[in-house]
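Novice: To start, I am sharing the structure in question, which I have written as structure tokens.
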Amino acid sequence: LNLPVWGQMNITEHENRIEAATERCTLVVKKRPFGFEIQRGGKAVLAVPEEGGGFFVVSGETVKLGSLLSLAQKGDSLEVHVGTAHEDATVMYRVRMQPDQIHVHAKVEGVPEVERIGESFALASGGHWYGGEVTAANSWPLEANEWNADPFLATSNHATPFWMTSSGVGMFLKT
């Protein structure tokens with residue numbers, strides 16, 4: 001099923017995924033389990049693990065994301081709703097694609113006082129990883145070492161929450 005071209009993006013729905021393609025990259029939204037993948041030239045350059053990677057924490061409990069509930073165009077963005085293992089909660093993603101950037105905003109709905117929301121990525125999909133924590137002795141690439149990140153707090157020694165991969169993907173997190 002080919003859906004109408006949205007701005008500079010062509011949206012195509014398949015059985016277990018939806019693809020939103022620009023001339024530079026394709027965002028793949030996996031339906032079950034839910035997850036994002038970024039492709040260039042048909043090859044994954046950033047992907048979640050096969051079992052999915054999204055989660056949030058509420059009252060000390062980590063809740064995994066489930067399946068895609070809906071995807072709709074809202075103005076210049078895609079609005080994506082995802083079910084979760086928590087009976088009262090869903091997660092809403094607002095995704096805005098530009099030719100060379102993908103902006104993602106996530107919000108947990110139906111549960112007050114969410115401690116954090118996160119995403120796990122399959123590191124091998126991006127190639128070598130660089131960035132993150134600033135220490136006296138950085139060891140790069142990151143996947144060759146054990147690294148436990150503390151939260152990006154004003155008192156931590158992080159210069160900026162940015163990572164880059166050898167596949168050309170950069171990730172900046174607003175904190």
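Novice: Can residue 67 be described as among the hydroxyl-bearing types (Ser, Thr, Tyr), out of contact with any Leu (no Cβ under 7 Å at 6 or more places or on another chain), more than 28 Å from residue 168 (Cα to Cα) and in contact (Cβ under 8 Å) with a residue 12 or more places away in the chain?
Specialist: When the stated conditions are applied, residue 67 passes them.
Novice: List every residue pair whose Cβ atoms sit under 6 Å apart, with the two residues 6 or more apart in sequence or on different chains, where the first one lies in the stretch 84-100 and is more than 18 Å from residue 32 (Cβ to Cβ) and the second, anywhere, is outside any strand (DSSP E or B) and among the hydroxyl-bearing types (Ser, Thr, Tyr).
Specialist: Qualifying pairs under 6 Å: 97/22; 99/22.
Novice: Please go through the stretch 129-141 and give me each residue that is open to solvent by less than 50 Å² (accessible area, probe 1.4 Å) and modelled with pLDDT under 70, ordered by number.
Specialist: Once the filter is applied, which keeps residues that are open to solvent by less than 50 Å² (accessible area, probe 1.4 Å) and modelled with pLDDT under 70, the stretch 129-141 yields 132, 133.
Novice: Let me ask something additional. Checking the conditions here, which among 36, 56 is closer than 18 Å to residue 123 by Cα, among the aromatic types (Phe, Trp, Tyr) and crowded, with 17+ Cβ neighbours inside 10 Å?
Specialist: After applying the criteria, what remains is 36.
Novice: Checking the conditions here, which among 63, 45, 80 is closer than 28 Å to residue 129 by Cα, buried (at least 17 other Cβ atoms within 10 Å of the Cβ) and over 14 Å from the mean Cα position of the chain (by Cα)?
Specialist: Testing whether each residue is closer than 28 Å to residue 129 by Cα, buried (at least 17 other Cβ atoms within 10 Å of the Cβ) and over 14 Å from the mean Cα position of the chain (by Cα) leaves just 63.
Novice: OK, next. Give the residues of the stretch 105-128 that are within 12 Å of the chain's Cα centre (by Cα) and either open to solvent by less than 80 Å² (accessible area, probe 1.4 Å) or modelled with pLDDT under 90 (or both), sorted by residue number.
Specialist: 106, 117, 118, 119, 120, 121, 122
Novice: Of the numbered conditions (1) in contact with a Phe, Trp or Tyr (Cβ under 9 Å, 6 or more places away or on another chain); (2) open to solvent by 40 Å² or more (accessible area, probe 1.4 Å), residue 75 satisfies every one except a single condition; which is it?
Specialist: (1)
Novice: Within the stretch 71-86, which residues are under 16 Å from residue 104 (Cα atoms) and either of a type outside the set (A, V, I, L, M) or modelled with pLDDT of 95 or more (or both)?
Specialist: Passing the criteria: 73, 74, 75, 76, 77, 79, 80, 81, 82.
Novice: Hey, any hits in the stretch 126-139 for a residue that's in contact with a strand residue (DSSP E or B) (Cβ under 7 Å, 6 or more places away or on another chain), touching a residue at least 12 places away in the same chain (Cβ under 8 Å), within 20 Å of residue 30 (Cα to Cα) and not in a helix (DSSP H, G or I)?
Specialist: Among the residues of the stretch 126-139, not one is in contact with a strand residue (DSSP E or B) (Cβ under 7 Å, 6 or more places away or on another chain), touching a residue at least 12 places away in the same chain (Cβ under 8 Å), within 20 Å of residue 30 (Cα to Cα) and not in a helix (DSSP H, G or I), which makes the answer no.
The values are calculated or read from the model by the stated rules, or taken from the named source; none is laboratory data. Computed from a prediction, not measured in an experiment: that's the story for all the values here. We place every Cβ from the backbone using ideal geometry, glycine too, and count neighbours over all the protein chains shown. Note: areas computed on protein heavy atoms with side chains; ligands, DNA, RNA excluded. Shrake-Rupley method; radii C 1.70, N 1.55, O 1.52, S 1.80 Å.
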